[in-house]
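The values are calculated or read from the model by the stated rules, or taken from the named source; none is laboratory data. Small disclaimer: the values here were computed from a predicted structure and weren't measured. In this analysis, Cβ positions are derived from the backbone assuming ideal geometry, glycine residues included, and neighbour counts consider all displayed protein chains.
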Protein chains: 4
Amino acid sequence: MKLQGYTLPQTVTGRSSIVAPPPWHYSGEIIAVDFTAPRDAIASLLPEGLVPVPDGAASVVFADWCSASDHDDRVLADPAVGQYHEAYVVLHAMRGDRRVGRVPFIWVDSELSLLRGQIQGFPKKLGQIAMTRPVSIGRGGVRKAEGSRFAAHATSHGRRVLTASVTIATVSDRTPRAATLPLVHTRLFPSIDRSEPAVHELQLGTIADFECGTAYSGAATLDIGSTEFEELDVLKPASVGSGYVFSLAFSVTGGRVEPI
Amino acid sequence: MKLQGYTLPQTVTGRSSIVAPPPWHYSGEIIAVDFTAPRDAIASLLPEGLVPVPDGAASVVFADWCSASDHDDRVLADPAVGQYHEAYVVLHAMRGDRRVGRVPFIWVDSELSLLRGQIQGFPKKLGQIAMTRPVSIGRGGVRKAEGSRFAAHATSHGRRVLTASVTIATVSDRTPRAATLPLVHTRLFPSIDRSEPAVHELQLGTIADFECGTAYSGAATLDIGSTEFEELDVLKPASVGSGYVFSLAFSVTGGRVEPI
Amino acid sequence: MKLQGYTLPQTVTGRSSIVAPPPWHYSGEIIAVDFTAPRDAIASLLPEGLVPVPDGAASVVFADWCSASDHDDRVLADPAVGQYHEAYVVLHAMRGDRRVGRVPFIWVDSELSLLRGQIQGFPKKLGQIAMTRPVSIGRGGVRKAEGSRFAAHATSHGRRVLTASVTIATVSDRTPRAATLPLVHTRLFPSIDRSEPAVHELQLGTIADFECGTAYSGAATLDIGSTEFEELDVLKPASVGSGYVFSLAFSVTGGRVEPI
Amino acid sequence: MKLQGYTLPQTVTGRSSIVAPPPWHYSGEIIAVDFTAPRDAIASLLPEGLVPVPDGAASVVFADWCSASDHDDRVLADPAVGQYHEAYVVLHAMRGDRRVGRVPFIWVDSELSLLRGQIQGFPKKLGQIAMTRPVSIGRGGVRKAEGSRFAAHATSHGRRVLTASVTIATVSDRTPRAATLPLVHTRLFPSIDRSEPAVHELQLGTIADFECGTAYSGAATLDIGSTEFEELDVLKPASVGSGYVFSLAFSVTGGRVEPI
């Protein structure tokens, strides 16, 4: 094959491709809020084989990522490429007897992340995401410390879809559940010449070097909006639980696919 | 299948999907510039089975599109979704005895267009594109008339990749070639669990209702830049030909795929 | 004075200045919707000397502008600089016995327009604005014709502040009032060393070459939102009147200032 | 005065104003590179009363700011408002026998910062700025540690104006000069009814609570570009010196103005 590249555009060198193949590495700052939603609402957004957990648990996660790619040193080198924000909802679900996560909606502010996500089955859309970033000196920002309020929000199609905050009360003694659930994705690439998809399969990422920094937790607020283009209304929180602020890192070395 | 949608995200209604299936309709304003590049440079960017035309002809095309979808009335209804700009290079090539076009690089400023393009095999990246838009009254802009200068440029990764202008001299008696070449695309969707792509095939769009408005032509300028992430350097113009300003419309009703 | 420039940054040539002095020329496409709001709400947003009209008339105006500057040919030449969108509310008011307009809130998607506006006393903020742009061929967009629906919206701080539509029913026999009211602005530039502003005065622009294209009118919809940073709530429409779609052009040759 | 607000837009509450009056607080992460330029080039960009230092010293500074305002708690609370990036050139100069700094060009990615800067006399334009952000865990980013490469770049008008990197070699024993020079600004607000500016004066900010974190230094690279709208060409580096990566915080409590 003369033209090279894991994705389009392909060239002789392969270096114009938007995405290089895994391994991909991630180091980020997370703001997460647990909430519950009606179980039938959650069930309506799960693929076959997944059922909601009994209490309708779900989480909203905001992430300020730095990312790197073993096969493309430009991702680490150029902050405009490797760094991005994302915001997503993760529904807690049972797959057989294993607790898993499912991401029905996710927004990112990066082309690389958008397409790298589509390859994994993350249903990524472009959005505008803002998150409080901790500071270490001065009065211009807030520290990762008791009493500090971390805020985050995401906008899609000109409308606010997620607005959250966490006021740090304590250091949590456990890793926030929102970060540790293994995610079950759907890889989907449509055909152009027929109605059946060209690719339609479940995907579970292969994760390595998972690391979670000190997790701060506290009371949280969460508001879920919607747009003409996103159906988040059904997930209006029945209750809002704790919020978490923490550093997170892991690598995606590949994935396992299963038929749907 | 409970979860519906031509693309992710899938829901019960299918209305959260970023892209709806074709037919897709396009009405736009075009600024195009013909140029030539070294034949070996063009050859290096063509897939197997395509060879450069003898004179190394190529074009740069800027488009200010309005688009619509038969299966999603929101595309026409919301100008933030249906409308976008794109800029691309099209290499003129022979496929057997048929003159075709190949798009090695293309930028758009729209999520919908990015993914709708990937489905067709357009190697779309996100970019910032600006084009002179004609006016009909006043002194704030330029008219589609003799002596008017239409400018266009595209930026990717913070660097100018295409800068062009056309100064209208006359009404052209033919449809600009850049708009009429049938395009040969490569659909490519990578695997996550192995190195072979999940989808890798040629694609030729099925075009209907092609319509070209009055084409104005004149002397043109063209500058091709590059970035750390795009390999346009090889296409530095050997000569710059005429430029064109015209309205264009067509529909994509589907496509035909062929093995690579 | 060695360093030149109508605004910062100043250099020897003056050509780095963001704004060049007037005359400024404007040619644009307008979508406007008339509405009424409670008179006390309107009164609360007017400066001394202006009173609401009896019926609480107001308008929302969206504009897709091309602009030019007599003293900076780059504004016309570079579409990324001269072209921009804006969206604003105009309150109809009496100043003595003269009917005038007052713009309490306005958003633009252009740095040049933001600062050129501040110089005139337009209270411009940055926003994201989208407007249906008419097409002349094909099925990708809508024509300026009976039955066509033109939509427009504006987002500020991640929240939708204005959402409007006009469905064309007829050609209007009058120039839409929203476009013809002389505007009374407040020029305001703060001090850094004391609490009194350095500049605080009324400003009425000197307009030349006013021209309005065919005005199409019809039934309209309008939704006014708000953000944590903008106080539009008080202007929630009491009634929504007709909407208009038309081309507009004029020049600003300077202005007249009056003490507050 | 019924309508309140330090800047436009003014309302009864004053809470729609883009900027609230000082004090303003800043906490940020800095990437800075020292360089030298021809003294006559520097002289051409200085206001009367300032002369270049003998070696033609200058610096490029990138900052990732969190900011807060004593009179508007929304700045700290909303990360989309208080947080932003900026990039600027600072020329080292003598004003009498005092070494000062002068900022001839600066770009920010925030409306609040743009206008807050204009009030102080910073010649801020909008740009797109990216900076390596340090991480504390994982392989997705780089740490503030020996051998790490921090990159930064700024784009204006679709063209790269500044591209820099610092590879950390050591902990610096002094506060980087780029951060400590007192800045001499020009406040400039044009008139609309005559050619003389309405405001034209020097401004020196009143700084409090200046704090600089550990400064890492090392070899640096710097590339200065230009656009049709910015005259940076004269500042092409004669030599590139050390680079610095550090945290910085201070407050602006007001300023002192002097006639020009």
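Would region A:140-154 turn up any residue that is within 29 Å of B:G255 (Cα to Cα), free of Cβ contacts under 8 Å to residues at least 60 places away in the same chain and touching a strand residue (DSSP E or B) at 6+ places or on another chain (Cβ under 7 Å)?
no
Which condition number in (1) in contact (Cβ under 8 Å) with a residue 60 or more places away in the chain; (2) out of contact with any Lys or Arg (no Cβ under 6 Å at 6 or more places or on another chain); (3) surrounded by 19 or more Cβ atoms within 10 Å (Cβ to Cβ); (4) assigned to a strand (DSSP E or B) is the one that D:R99 fails?
Exception for D:R99: condition (3).
Under the condition of being under 18 Å from the mean Cα position of the chain (by Cα) and polar (S, T, N, Q), which residue from region C:37-68 is nearest to the other protein chains (Cβ to nearest Cβ)?
The extreme case among them is C:S67.
Output the residues belonging to region A:126-180 that are among the aliphatic types (A, V, I, L, M) and at pLDDT below 95.
Those that are among the aliphatic types (A, V, I, L, M) and at pLDDT below 95: A:A178, A:A179.
Quickly run through region D:85-96 and pick out the residues that are over 10 Å from the mean Cα position of the chain (by Cα) and assigned to a strand (DSSP E or B).
Matches in region D:85-96: D:L91, D:H92, D:A93, D:M94, D:R95.
Considering only residues that are hydroxyl-bearing (S, T, Y) and buried (at least 24 other Cβ atoms within 10 Å of the Cβ), look in region D:114-167 and name the one that is farthest from the chain's Cα centre (by Cα).
Top of the filtered list is D:T132.
Give the residues of region C:111-140 that are facing chain B (nearest Cβ under 8 Å) and among the hydroxyl-bearing types (S, T, Y), sorted by residue number.
Within region C:111-140, C:T132, C:S136 qualify.
For residues that are outside any strand (DSSP E or B) and of a type in the set (D, E), scanning just region A:231-260, find the one that is nearest to the other protein chains (Cβ to nearest Cβ).
A:E231
I'm checking my understanding of the structure. Among residues of region D:182-201 that are surrounded by fewer than 20 Cβ atoms within 10 Å (Cβ to Cβ) and under 30 Å from D:A151 (Cα atoms), which one is nearest to the other protein chains (Cβ to nearest Cβ)?
D:L183
Which pairs turn up if I take residues in region A:7-35 that are more than 30 Å from A:R143 (Cα to Cα) and more than 7 Å from every other protein chain (Cβ to nearest Cβ) and look for partners that are polar (S, T, N, Q) and in a loop (DSSP other than H, G, I, E, B) with beta carbon separation below 6 Å, at least 6 apart in sequence or on another chain?
Pairs found: A:S17/A:T7; A:V19/A:T7.
Quick one: how many residues across region B:69-96 are within 30 Å of C:H153 (Cβ to Cβ), surrounded by fewer than 24 Cβ atoms within 10 Å (Cβ to Cβ) and among the small types (G, A, S)?
The number of residues fulfilling the criteria is 3.
Here is a list: C:S44, C:S110, C:S59. Which entry is in contact (Cβ under 8 Å) with a residue 12 or more places away in the chain, of a type outside the set (A, V, I, L, M) and buried (at least 23 other Cβ atoms within 10 Å of the Cβ)?
That would be C:S59, the only listed residue that is in contact (Cβ under 8 Å) with a residue 12 or more places away in the chain, of a type outside the set (A, V, I, L, M) and buried (at least 23 other Cβ atoms within 10 Å of the Cβ).
I need the full set of residues from region C:69-84 which are in a strand (DSSP E or B) and either free of Cβ contacts under 8 Å to residues at least 12 places away in the same chain or more than 10 Å from chain B (Cβ to nearest Cβ) (or both), in order please.
Result: C:D72, C:Y84.
Applying the selection to region A:2-53, what residues are over 21 Å from B:F229 (Cα atoms) and either in a strand (DSSP E or B) or at pLDDT below 95 (or both)?
Within region A:2-53, A:S27, A:G28, A:E29, A:I30, A:I31, A:A32, A:V33, A:D34, A:F35, A:T36, A:V51, A:P52 qualify.
Among the numbered conditions (1) closer than 21 Å to C:V90 by Cα; (2) at the interface with chain B (Cβ under 10 Å from one of its Cβ atoms); (3) basic (K, R), tell me where C:R160 comes up short.
(2)
I'd like the full set of residues that are surrounded by fewer than 19 Cβ atoms within 10 Å (Cβ to Cβ) and within 9 Å of chain A (Cβ to nearest Cβ), limited to region B:202-230.
B:T206, B:E228
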